[in-house]
Amino acid sequence: MIRRSFTAVVARNETWTGEVATEPYECAWAGEAIVFVRALETRGGLRAAKARVQISPDGIHWVDEGTVFPMPAKKGDLTFGRVRHFGGFFRLAAKVPPRASVKVLVTLALKE
Amino acid sequence: MDPATRAVLRADPRLSRFEPLSRIIYCDDFDEGYNGWLGLIGNYEGSLDSMLPGYAQYLQPMLSPVTMWDTGSHGSHDGTYCLKTATRARKGSQNVSLKRVTFRHPGPIQFEGYFCFKPEASDLQLSELDVRAVGVLFDLQDGEAGSRRVMPHIRYLNALDGTPMLRWQYKQAKAPFAKIGTSGKTVSHYHLAPEGWEDVPDGGQKLCYNEVPTKINWHYLKIGFDLRAMRFTALQCNDRSFDVSKMSPMVIPAMANLWCMLNLAVFVETDVDKRAFLFLDSVCLSGDF
């Protein structure tokens, strides 16, 4: 049996400012994930902007998993984080600096 | 159905809980994966910004063991996973999951499935009026000799602005078409707009919500439709069958690239600033051909 996989866009064409997070994604079946962030548009300085993976026991209460990676700093840039062993619920949180914004496409590539 | 066919269906536990027509088009158990179910996306051209606002909110479904904060995983009707469609935490937010195929015979078809719905259990309250509605729709178009795109919509309206409604509804009212982009090839219409729903005759029904927001009970739903007459043939939920003879689907002119389309979609809408979830354990789509 080949390993099953599924790719879910968890934020599409959303403009992020300040503290922000994707909608929760329930994916207990998956053993590994790569989460990609692509900038569709940017405004202001984004060099300090970071994304971080969060996990949850219930989809309601969230805690940082430890994976942190840069947000894309200019239009067209693509960044990613690679995660294993994340339990049942996954989301990506980010902190965008004041006076900056980024319109994102966040894609979660899951595999058994 | 002849006795031999019935006996074969009854011998298989995965099929014996359904009453399929003579040919199974697909029978999807979400323990085996997504089976081609995915999130609806609106039409766009040139930029995602051109999508109608109602469609921009939709996201992918999930495979869920229905995990709750107070007990853990509830599990599905059988096995571990079901298909979870979730709204955002904003009053009136919707989400839609669907499967796209085409048909080979314009005759009777039938959807059957086991479903339940719940709000996100973020309050220690009953929350039984937090989910506004859940529903099923087909998106159909005649073969190329025909002229109709037909969209039968059925929903269970649970609550509206905090008032219990507890009734089945259908929708034949059309939404206006909007041009998308500049090529002249793309249009879009927001057929799940809140306006235009009508009550199914004698369509009131009380379902099994249970006593806290973390307990779920699976419900059986059947919707029959005839692809030649483009009429409803059945609506049943658990022990109630409803008269569909006076119900009409949404009918619009055929579109350029949708011949023989047979899309099946499920949807959920929240009545409060809290996520609403539609869980679908399994789906059997059958036809007479």
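A few points about this structure:
- Among B:Ala173, B:Ala265, B:Ala229: highest mean-square fluctuation, GNM of chain B, C-alpha pairs under 10 Å: B:Ala229
- A cut-off under 9 angstrom between Cβ atoms defines the neighbours of A:Ala30, and their net charge, with Lys, Arg +1 and Asp, Glu -1, is 0.
- Prolate/oblate/rounded label for the stretch B:153-244 (Cα gyration tensor, a/c 1.5): prolate
- Euclidean distance of C-alpha centroids, the stretch B:138-173 and the stretch A:51-112, integer Å: 36 Å
- Neighbouring Cβ atoms from other chains, within 10 Å of the Cβ of residues in A:46-59, number 2 on average.
- Ordered from highest to lowest accessible area with the whole protein assembly present and a 1.4 Å probe, A:Arg52, A:Arg99, A:Arg84 read as A:Arg99, A:Arg84, A:Arg52.
- Largest-first ordering by accessible area, 1.4 Å probe, given options B:Lys179, B:Lys246, B:Lys84: B:Lys179, B:Lys246, B:Lys84
- Our summary gives the stretch B:23-287 a relative contact order of 33 percent, counting only alpha carbon pairs under 8 angstrom and 6 or more residues apart.
- Separation of alpha-carbon centers, the stretch B:1-46 and the stretch B:53-80, rounded to whole Å: 19 Å
- Taken about its Cα centre, chain B carries a charge dipole of about 600 debye when Lys and Arg each add +1 at the Cβ and Asp and Glu each add -1 at the Cβ.
- Anisotropy class of the stretch B:81-232 from Cα gyration tensor, a/c 1.5 cut: prolate
- Note on B:254-265: average number of Cβ atoms from other chains within 10 Å of each residue's Cβ is 0.
- Shielding by partners for peptide A:7-16, expressed as the average number of C-beta atoms from other protein chains within 10 Å of each residue's C-beta, is 4.
- Carbon/sulfur fraction of accessible area - the stretch A:22-112, other protein chains in place, 1.4 Å, %: 53 percent
- When the surface is traced with a 1.4 Å probe over the full set of protein chains, B:Arg90 keeps roughly 120 Å² accessible.
The values are calculated or read from the model by the stated rules, or taken from the named source; none is laboratory data. The structure presented is a predicted model; accordingly, all values stated were derived computationally and were not measured. Cβ sites come from the backbone with ideal geometry, for glycine too, and all protein chains shown count toward neighbours. Calculation scope for accessible area: heavy atoms of the full protein, side chains included, ligands and nucleic acids excluded. Shrake-Rupley method; radii C 1.70, N 1.55, O 1.52, S 1.80 Å.
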